[in-house]
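What follows draws every value from the coordinates through simple rules; no lab data is involved. Model, not experiment: these values are computed from the prediction. Backbone-built Cβ (ideal geometry, glycine too); neighbour counts: all protein chains shown.
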Amino acid sequence: MLKVEKFTCVLALFMLLNAKGFSTVSIQLDSMVLAKVKQKLHDGTASERTQIAYKALIASANKLLSIKNPTVMDKTIVPPSGNKHDYLSISRYWWPNPEVSNGLPWIRKDGETNPDTQTDAVDRKRLGTMTGGVKSLSLAYYFSGDERYAEKAASMLKTWFLDDTTRMHPHLEYAQSVPGYSKRRSSGILDGKSIAAVVPDAVAILSKSAHWTQNDTQKINQWLTDYVTWLTESNLGKTENNQNNNHASWYKYQVATLALYLGNKPLAKDMVNLAQQSLEQQLDAEGKQTHEIARTRSFFYSCYNLDALTSIAMVGDKVGLDMWNYKTKDGKSLMLAFKYLAPVINGEAWPYTDIHGTDVSDLMDALARMSVYAPSKEISSLLKKSIAILIEKEQATGKKNEDLQSLSLTSSLFL
C-alpha cells in the first residue's frame, strides 16, 4: 500500500510539472519543490509565510513590469577598450587616496564600501537589477502563469545578452577596476556569479512561455558558451581559479553551473573535483576558513564562501560527485566548516573581526542546502535555531527576513 501511495504522489507531481514545468533541466532551483509550493499556493494550503512571500514576489514583479530594461550601454564611464558593450565596474572597497591631490591610485579599505563605486556610472548595479529582476519575474510567472511576467523577463534577458545594440560582450575584462591602476583584475570575475545563479534556471522556466523561443535559447546558450570559454581560457580566469578563497569558489561555481547547463558534464565534474580539493587549502584542522577570517568581515565571508561551496555541491550531485560528504586526507569537509561557525548560532561571540557584526542570515542559504542534501541531527538543530533567531528578529523589528521569504518559495523548509 505504501508503495502505491508513494507512486501516486510522484505521478501527481509529474503531471503537475508536465503541465506547467520546465522544458529544460533546472540547475540550482529544485523543480519538484517549486511544483509542491505552486500546488499549495493554488489550493490554499501553503503556509502563512509562503503566502506572504508570494504576495511580496508578485508586488515586486508588478513594479518591474514598468522599469526600463537595464543595459551596459547606459553607463557614463567608458571602459579602456572604448566600447560600452564591455562590462565595467569599480571595486567596492577602494577609495581615493587622501594624501594625493588627484586621489590616484585609489587605496583599499577592506569591508568599507565606497558609495561612488555603486552608482549608475558603471554596470554593477545594473547587472544586479537585471539578474534580480529576471529571477523575480520568472518565479512570478512560474507560480502565477501570468504571461506579463514572462514577457518582461524575456525582454530583460534579450536586452542584456542578445540585442546587437544593447548586449554585453561575454567577458569581464574590466570588472572591479581600480582608478589609477591599469592592470586588469581577476577578482572582477566575482561580478558574474549572478549570471550563473539566475540565467540557466530562468531560461528553464521561461521555456514554457510563448515569449521565449527555442531560437532565444540557442542564442543565449551561445553567449554563455563564449563566456565559459573566456572564463576557462583567459589569463584572468586562470588566475581566479588558482586563488584560495571565496573568489576561487565562486569562479568554480560559475564554470561548473554553466558547463552543466550547457551539457558539458566533464568540465562541470572537473570544477567540482577542484572545489573538493580546495578544502585542503581553504580550511584548517578546526574547519576555520583561514583566508576568510583574515578579512574585516570575517564571519560574512566565511558564510559567503560556504554559500559558493554548497552551490557547487549541488552541481556535484548532478555529475555523480558527493561533495557534501567529501573529506580530504586530513578530514577537512563542508561539515567541518559548518561546525566551526556553529557556536555563533548557539549564542557564542565570534572570535574574529567583523566590522558589521555577525548575522545568521548570511549562513541561511548554505545551511538550508546542507540540511536537504546532507541531513544530520547537528545540521537540523543549527537550522532550527537559525530560523528561530531570525523569526524573533522579525517580531522585534516588524520586518520580514528576505532570506526566509525566499526560502519559503524555493525550498521545502516551510511547506
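Brief remarks on what is shown
- Ranked by how many other beta carbons lie within 10 Å on average, peptides 110-117, 273-280 from highest: 273-280, 110-117
- With R₀ set to 45 Å, the beta-carbon distance separating Ser412 from Thr119 gives a calculated FRET efficiency near 0.70.
- FRET E, pair Asp30, Asp322, Förster distance 25 Å, beta-carbon r, rounded to 0.05: 0.90
- Residue-count net charge about Gly111 - beta-carbon cut-off 9 Å; Lys, Arg +1, Asp, Glu -1: 0
- Distance (nanometres) between label positions extended 7 Å along Cα→Cβ at Asn62 and Lys393: 2.9 nm
- Charge-dipole axis of region 1-242 as Lys and Arg at +1 and Asp and Glu at -1 on Cβ define it, positive-most pick from Ala121, Thr50, Val72: Thr50
- Point-to-point label distance, Asp146-Ala285, nm (Cα→Cβ direction, 7 Å offset): 5.8 nm
- Across all C-alpha atoms in the chain, the radius of gyration and Dmax reach 21.5, 80 Å.
- Note on Leu104 and Glu378: the model spin-label points, each 7 Å out from Cα along the C-beta direction, lie 5.3 nm apart.
- Taking Lys and Arg as +1 and Asp and Glu as -1, the other residues whose beta-carbon sits under 15 Å from that of Ile90 total +3.
- Cross-link partners of Lys75 among lysines, defined as those whose alpha carbon lies under 17 angstrom from its own and excluding same-chain residues fewer than eight positions apart: Lys84, Lys125.
- Backbone phi angles across region 106-119, fed through the Karplus curve with coefficients 6.51, -1.76 and 1.60 (θ = phi - 60°), yield HN-Hα couplings of 5, 10, 8, 10, 4, x, 9, 6, 7, x, 5, 8, 10, 8 Hz in residue order; Gly and Pro are listed as x.
- Around the Cα centre of region 1-242, unit charges on the Cβ atoms of Lys, Arg, Asp and Glu (plus for the first two, minus for the last two) sum to a dipole of about 440 debye.
- Placing a label point 7 Å from the Cα of Asp226 along the Cα-to-Cβ direction, no residue of region 179-214 has a backbone N closer than 12 Å.
- Among 195-206, 171-182, 343-354, the order from most to least packed when residues are scored by Cβ within 10 Å on average: 195-206, 171-182, 343-354
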